[in-house]
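Here is the structure we will look at.
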Amino acid sequence: MDTLKILSPGSGTGNDCAGLAIRPVLSRFLARCHADIAGETSGAIADYIPELKKADPSHFGISLATIDGYIYEVGDSAVPFTIQSISKAFVFALALETIGAERVESVIGVEPSGDAFNSIRLRADNRPFNAMINTGAIACSGLIYEAEGNGAFEHILDALGRFAGRKLSMDEAVFASERATGDRNRAIAYLLRNHAVIKGNVDDVLEVYFRQCSVLVTARDLAVMAATLANRGVNPVTGEQVVTPYVVARTLSVMTSSGMYDYAGEWIYRVGIPAKSGVGGGILAALPSQLGLGTYSPLLDSHGNSVRGLKMCEALSSRFDLHVLNRSGDVRTCIVAAYDIGGISSRRNRQPHERQILDDRHEDSRVFELIGALSFGTAEYLSRRLAETRQQSQFVILDFRRVPTITKAAVQLLADSLADLTAGQVTVILCGMEQTSTVGAAIDPWIESMPKIRKFALLDEAIEWVEDQIIYRYGGYVRLEETTGLREQALLAGLGDDDIEALASLMEQRTYHAGQRIIAAGDTASSLFFLRSGMVSVKLPSGARLATLQAGMVVGEMALLEGHRSADVWADTFVQCFELPLDAYSGFRGQHPQIGERIVRNLAILLANRLILANTKIELLTSY
Ligand code: DON
């Protein structure tokens, strides 16, 4: 987790002044905003809760957290203050998550009231308008109290801490001060009990509410809490799924329509980011899929919103065009590359006749490399692209390695598309989904009963499998046990039978069992291996496969050019081969220079073909 803290621009006291040059560009903008807005002194500190009067009007902190966990901080971002009404959004989310939407929605509305936060007015059915104003918030605390009893506040404190990514505590003095002066809220609570919106002892419910409002946070905490909402309920610092995307969407909806009270309309029009403010001076704003912002400055306007906080949010939104309803996503970008296996083949080196079949039948396959979070729009576009392949393709590969998340809607659309494809002649291959991936977990239940769906971890393996199927279907399959002679070796192409006989006399026959290592990376390169039967894979020490070779191919040939092995070679099956020791070969080459020259030229041809293949892949992937 990266953090950048700028105590105040030009102060030279921040621990990164030395690193000014490497400050991310956004930090300079935030620092400038802080400098510009700090001079704003209009507004007043809340005093209807006396303890709040002690706040320092000069305090001003800004923090911005991105959904990948990077945190910016400027000014008084670490100064603690009480969360007050900002707690309402998270207690509403907690109630939806733990008590359930049906019960919560039966008690509390989701309509903006257009009134001030402490309005006593209820809807015509004597229900609170929404959970962002005191009536609805006290009702929400009441629901938590009903469910958790005396553990209600601890339950709330724990949840607020999971949103903030750290254990939070409460300001006893503010709590006592509000409890002593909270008559208006008492009036609200008794009105709610009168209409059976809250049950049980009113003071117990108010105790929970006053305590939740008195929880201490910083601007940085608010930024992380907001980023958790922006990141579909996953805390970007701790990685914990605190609430479900369903709850996030409902919470952000009510924050959008009611989070800034009777300024909500103006706010969503001008700033356009779901937000929540508190009389302690905090403002929290959550921009879905992008960032969370937290500001602290106790000087409030007539609506009870922090003056400097408002200005900061407006400056950031207008400067970077962050209005939530101004989205520029283009669904077509969800496909980062689409091609057939003629363009990109697997790392399995193929026999010439196999290569011919694949070149002739490459249109039998289609590969879609996907990227980004899949949602309704992108899945709808993908479903039309997949439908286009029905007539042409026998194999469709979908690679999800660059897809971090997928929404339920996208899963449903995709599943219907795959059902259509597999109902026809198409076999669908899914790859790039780690065992632990949420995408795999979301898709699996929908496809487990579908015929003709295969799954592979790696795209390369998926392409190799399709190649095998096509080769098999067009009669090119060669049993791996079948042996080939040295005459079929590409590296020995053009040599006469006598030359090959002479070379063979220098070689040792070797056999290896499946899983045995033939060559180890880093070892001295002292021989070449001509494969007679079986299959071997060249792998980096990390396990990444570079190539798979079979009978008629040579492995370890780079020994002719390099002194040490750059990769491991493992037997994938039982392998028979000829080992040609380099020393013996060097002696032989000294006596037969033209054979040596021929072999080096063949090696150059082999390497050139690999280069052409690699360039084709790059060209295809960069041209899409
Ligand atoms: O109930 C109250 O009045 C306070 N505990 C919370 C009010 C509040 O934060 C309003 N926000 N602007």
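A Förster distance of 35 Å, applied to the separation of the beta-carbon atoms of ALA249 and ARG28, puts the FRET efficiency at 0.55. Counting only Cβ charges, +1 for Lys and Arg and -1 for Asp and Glu, the dipole size of the chain around its Cα centre is about 880 debye. For the chain, hydrophobic long helices are taken as DSSP H runs at least 24 Å long by C-alpha position along their axis with mean Kyte-Doolittle hydropathy of -0.5 or more; these are 593-623.
Over the residues of the chain, the helix contribution to mean residue ellipticity at 222 nm works out to -13000 deg cm²/dmol, using -39500 (n - 2.57) for each DSSP H run of at least 4.
Within the assembled protein chains, the solvent-accessible surface assigned to GLU73 is about 10 Å², based on a 1.4 Å probe. Highest-first packing order for the peptide set 275-281, 256-262, 106-112, 567-573 is 275-281, 256-262, 567-573, 106-112, based on the mean count of other beta carbon atoms within 10 Å.
All C-alpha to C-alpha distances of region 320-361, sorted into 5 Å bins beginning at zero, yield P(r) values of 5, 15, 18, 11, 9, 8, 7, 7, 7, 6, 5, 2 percent in whole numbers. Taking every DSSP beta bridge that has both ends in the chain, the antiparallel portion is near 75%.
Accessible surface of the chain, 1.4 Å probe: 53 percent of it comes from carbon and sulfur atoms. How big is D, in µm² s⁻¹, for the chain by Stokes-Einstein at 20 °C and 1.002 mPa s if Rh is the Kirkwood radius over C-alpha pairs? Translational D for this selection: 74 µm²/s. The modelled label-to-label distance between ASP204 and ASP115, using points 7 Å beyond Cα along the C-beta direction, is 2.7 nm.
What net charge is computed for the residues neighbouring ALA409, neighbours being all others with C-beta under 14 Å from the C-beta of ALA409, Lys and Arg scored +1, Asp and Glu -1? Here the charged neighbours net out to 0.
For region 357-384, backbone nitrogen atoms closer than 11 Å to the point 7 Å from ARG473 Cα along Cα-to-C-beta are found at 361-366. The tail of the calculated P(r) for region 186-264 beyond 13 Å holds 75 percent of all Cα-Cα pairs. When the square roots of the Cα gyration tensor eigenvalues are ordered a ≥ b ≥ c, the ratio a/c for region 398-450 is 1.5 or more and a/b exceeds b/c, which makes its shape prolate. Checking every one of the GluC sites (Glu not before Pro) in region 479-556 against DSSP loop status and a limit of 14 other Cβ atoms within 10 Å picks out GLU481, GLU482.
For region 533-593, the square roots a ≥ b ≥ c of the C-alpha gyration tensor eigenvalues yield an a/c of 1.5 or more together with a/b not exceeding b/c, which makes the shape oblate.
For region 37-132, what does the alpha-carbon gyration tensor say about shape, rounded, prolate or oblate, given a ≥ b ≥ c as the root eigenvalues, a/c under 1.5 as rounded, and a/b over b/c as prolate? It is oblate, given that a/c is not under 1.5 and a/b is not larger than b/c. In the chain, if the dipole is taken from +1 on Lys/Arg beta carbons and -1 on Asp/Glu beta carbons about the Cα centre, which of PRO451, ALA551, ASN231 is farthest to the positive end? The listed residue farthest towards the positive side: ASN231. Of the residues VAL174, SER119, THR484, the one whose Cα sits farthest towards the positive end of the charge dipole of the chain is SER119 (charges of +1 on Lys and Arg Cβ, -1 on Asp and Glu Cβ, taken about the Cα centre). In a DSSP loop and with at most 11 other Cβ atoms within 10 Å, the trypsin sites (Lys or Arg not before Pro) in region 140-200 are LYS167.
Projected onto planes of every orientation and averaged, the convex hull of the alpha-carbon atoms in region 276-373 covers 9.8 nm². The residue among SER365, PRO541, GLY75 whose Cα reaches farthest toward the positive pole of the charge dipole of the chain, with charges on the beta-carbon of Lys, Arg, Asp and Glu, is GLY75.
The values are calculated or read from the model by the stated rules, or taken from the named source; none is laboratory data. What you see is a predicted model; the values in this text were computed from it and never measured. When we count neighbours, we look across all protein chains shown, and the Cβ atoms used for this are built from the backbone with ideal geometry, even at glycine. Ligands, DNA and RNA are excluded from the accessible area calculation, which covers all protein heavy atoms including side chains. Shrake-Rupley method; radii C 1.70, N 1.55, O 1.52, S 1.80 Å.
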